[in-house]
Every structure is written in C-alpha cells, then in structure tokens.
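Input: a single structure, listed below in structure tokens.
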Amino acid sequence: MLSESCKIYLGWFVALVSVLWVGISRRLIAWTGTLIISAYLAIWGAAFSSGRRAANFIPNLSKRATFITGCDTGFGFKLALYLNSMGIPVYAGVLNQNSDGAEELRTKGCKVIEINITNQKSVEEAVEFIKFDLGDDKKLHALVNNAGIAEYGQVEWTSMETFHKVLEVNTFGTVRVTKAFLPLLRLKRGSRVVFTASVSGRYTLPGFSAYSMSKHAVISFADALRKEMKPFKISVHTIQPTAYTTLLSSTENIGNSLQSQWDKTEPEVKKSYGENYFQTFKTLYLKGSKKLSKTNSSEVIDDMVDAILSKEPKITYIPSLSKKFMVHMLTTIPMELQDRILSKNIIPDVPPAGLAGTDINDLEIK
C-alpha cells in the first residue's frame, strides 16, 4: 500500500511542480505546497495504520436478494458472479439475454433478466418478474444501478444526439429504474440503493463532457434520494471509480467514439480545428487513457459488495487509497490549477487550424 501511494504522491508532486513552474502566484504555490505536505502525512499515516478492516457483513445472506443492471460485461458481470458465489440470490439485468456474459451468469445460477433501462415498459416488466419470483416470503435487499455507456469527443465535435443518448442511459435510465424499484425496496427496512457513478461526476476531463454531465447528475440524484429515503430506512450509496480497464474504457472503444464524433462534425467546425489537431488530440487521449486505466477491478467490486452487505456501509466509495488522495486534491485545489492539471497532455500544444500563425495572446476580447 505504501509503495503504491508514494508512487502516486511523487507523480502528482512532479506534475504540480511542472504546472506551477509556468506561472502561478507565490501565494498559490505556498497554498499548494501546504496541501501536498498534509496529504503526504495523511498517506504516510494511513500506510502504517491497520489495513482494510475485515468484512463485517449483515447476516442471512441467502435472504439478501439483489438486482444489478448492466451485467453483460464489466463491473456488473463480476459483481453478479461474486455475490452469487456468496449464496446471495442475484437478478442480473442484461441488455442482451443471449450475450456471452448472460449465458455464463445463467449457468452459474444467476437469474438473468433482459432489460432496456431507457424503456419504461421493459423496466416495469423487470420489476414484475422479480416481484413474482420473490413471492411473499422474500424481499428485495438491494438495487445496484450499474448500466452505463460512454462517448468521447470535444464539445463542438459531439452531436446533440450523442448528448441525449448518454444522458438517456446513464442519467434518466438510472432514475427510471430507481423509481420503478423503490416500492419493492420500501417493503424491507434496511434495503439499499447503490449507484455506479464515477470520479468524472466530481471533475471533468476535456473530451469527456457528455459522460461527466451524466455522472454529475447521478451523484446529485443519489444525494437527494439518500435524504428522502431516510424515513423508510433505505440507505443510498455511490461507487465512484477512476478509470479501469473495461469494455467501456478500452482504447478501441475510445478511439472509435472519438473518430465517429469527428466524422459527424460540421465541415466548418472541422475546418476550424483541422485534421492534424484532431489526430493529435486523439493520440494524446488514447495514450493517457491507457496509462491511467487500472487493471485491478477487484477493488471496485470489493467496495460494491461492502455497500450492499456491510453493517456500516459508507455513503461514498472511491476505490484505492491513492485515488482517494488524487480526487481529494483535484477537488480542493483552485480551479485554475485543476484546469492546468486535467488539460496537461490532453489538449494539444499545436494550435487549431483556425488559429495557425496567430498569437493567441493577441486575440481581441470584446
């Protein structure tokens, strides 16, 4: 744990020094230095404190029926298998009941339900199936809103249809499923709603506006729901991972999405940016994504399980100690500094075609 945290700390320290070198005020430098030292001491102390506490789960796991959306692949698929191995009745929501993931889940004993979370009728049918299957003697313990999609591209390259599509799945689909299942969850005190959100719901990278908007909205929705469900003893939790190696964040998916958005961009807009600018942005984005994506998705699954089964679940989970530090730093530093850090190695140094040969400092501001 110490070595990983120190590596992350040193990496961010170097990045901050590099950014600050280009011209931040002395007061800001002093403030940032204090933050780094405080964070370092916190990490150092955490490294020598007791490790992750032993799971303190609620009893009677065989009665903790859980419905998970987005189980075809990724976190949902792995979570469904893990909970099933613990003896928990799992209802696995999939977009395609004939997918490889759905077939494997079915053979392992999960009850697979085909559901399109953007379709009200499909969601209602899933509710009725689970309600009938549970019968009168069993209750739904947890709903895990995990289904989601991602699209990539700068704002001017991203079509309105793409913005609508991403928010329809990630935000409105999540709201639709939650509202539909709340009557079932209210039948049992201590039931839970878990959202797979993202740290992108806390800060926004260039080229990731649609997805970040959707996750900001999910976190806000969860915040409101948590307060409103307290009288019913329903707890609400968000899982906010950073980038992990999944189908959603694969370099192939990112590259295809970027290219697709660019290909559909209006000619006049494309002329302003230029093909060279786009290709440079795409190369930097893919390189950064590959570098930052973590492969240890088990730490995400561990947090999801904790949110579902722990006697004392947290409101918010950010998998990995080092990532918690990173997120805390990025969300507490001045916005100007956050912009520099998040844009570094993503926004090309080469100017857009429309600004070629122009000193950007000479542009008139009216």
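The values are calculated or read from the model by the stated rules, or taken from the named source; none is laboratory data. Keep in mind that what you see is a predicted model, and the values were worked out from it rather than measured. Don't worry about glycine lacking a Cβ; one is built from the backbone with ideal geometry, like all the others, and counts go over all protein chains shown.
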Check your understanding: If we keep just the residues of segment 145-189 that are aromatic (Phe, Trp, Tyr) and surrounded by fewer than 21 Cβ atoms within 10 Å (Cβ to Cβ), which is farthest from Phe75 (Cα to Cα)?
Key -> Phe163
Check your understanding: Applying the selection to segment 66-87, what residues are charged (D, E, K, R) and in contact with a Ser or Thr (Cβ under 6 Å, 6 or more places away or on another chain)?
Key -> Asp72
Review point. Do we find a residue being in the same structural domain as Tyr91 (by TED's automatic domain parsing) and more than 29 Å from Leu309 (Cα to Cα) anywhere in segment 187-195?
Key: no
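If you take the residues in segment 244-299 that are assigned to a loop (DSSP other than H, G, I, E, B) and hydroxyl-bearing (Ser, Thr, Tyr), which one is modelled with the highest pLDDT? Spell out the reasoning first.
Filtering segment 244-299 for residues assigned to a loop (DSSP other than H, G, I, E, B) gives 245-250, 264-266, 274, 293, 295-297.
Those left that are additionally hydroxyl-bearing (Ser, Thr, Tyr): 245-246, 249-250, 265, 293, 295, 297.
On the way: Thr245: 63, Thr246: 70, Ser249: 69, Ser250: 79, Thr265: 98, Ser293: 66, Thr295: 67, Ser297: 83.
Among those residues, the one meeting the criterion is Thr265.
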Practice item. Output the number of residues of segment 304-342 satisfying the condition of being of a type in the set (Phe, Trp, Tyr) and at pLDDT below 90. Key: 1
Practice item. Enumerate the pairs (first residue in segment 250-264 and under 11 Å from Ser289 (Cα atoms); second residue anywhere and in a helix (DSSP H, G or I) and not acidic (Asp, Glu)) with beta-carbon separation below 8 Å, excluding pairs fewer than 6 apart on the same chain, so at least 6 apart or on different chains. Key: Thr251/Leu286; Thr251/Ser289; Thr251/Lys290; Ile254/Tyr285; Ile254/Leu286; Ile254/Ser289; Gly255/Lys282; Gly255/Leu286
Point to revise | So Ala217, is it of a type in the set (A, V, I, L, M), within 20 Å of Gly74 (Cβ to Cβ), within 14 Å of the chain's Cα centre (by Cα) and surrounded by 17 or more Cβ atoms within 10 Å (Cβ to Cβ) | key: no
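Look through Leu205, Leu225, Leu187, Leu182 and report the one residue that is assigned to a loop (DSSP other than H, G, I, E, B), over 27 Å from Thr280 (Cβ atoms) and of a type outside the set (Gly, Ala, Ser).
Working: Leu205 fails: over 27 Å from Thr280 (Cβ atoms); Leu225 fails: assigned to a loop (DSSP other than H, G, I, E, B); Leu182 fails: assigned to a loop (DSSP other than H, G, I, E, B).
Of Leu205, Leu225, Leu187, Leu182, the one residue that is assigned to a loop (DSSP other than H, G, I, E, B), over 27 Å from Thr280 (Cβ atoms) and of a type outside the set (Gly, Ala, Ser) is Leu187.
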Practice item. Taking Ala142 as the residue in question, decide whether it is surrounded by 22 or more Cβ atoms within 10 Å (Cβ to Cβ) and either in a loop (DSSP other than H, G, I, E, B) or outside the structural domain of Ile254 (by TED's automatic domain parsing) (or both). Key: no
Revision key, fill the gap. Of the listed residues (Glu125, Glu114, Glu161), the one being among the acidic types (Asp, Glu) and under 22 Å from the mean Cα position of the chain (by Cα) is Glu161
**Study point:** Where Ser200 falls short, out of the listed (1) polar (S, T, N, Q); (2) surrounded by fewer than 21 Cβ atoms within 10 Å (Cβ to Cβ); (3) part of a helix (DSSP H, G or I); (4) within 13 Å of the chain's Cα centre (by Cα)
**Key:** (2)
Check your understanding: Across segment 263-296, what is the number of residues that are in contact with a strand residue (DSSP E or B) (Cβ under 7 Å, 6 or more places away or on another chain) and more than 21 Å from Val327 (Cα to Cα)?
Key -> 0
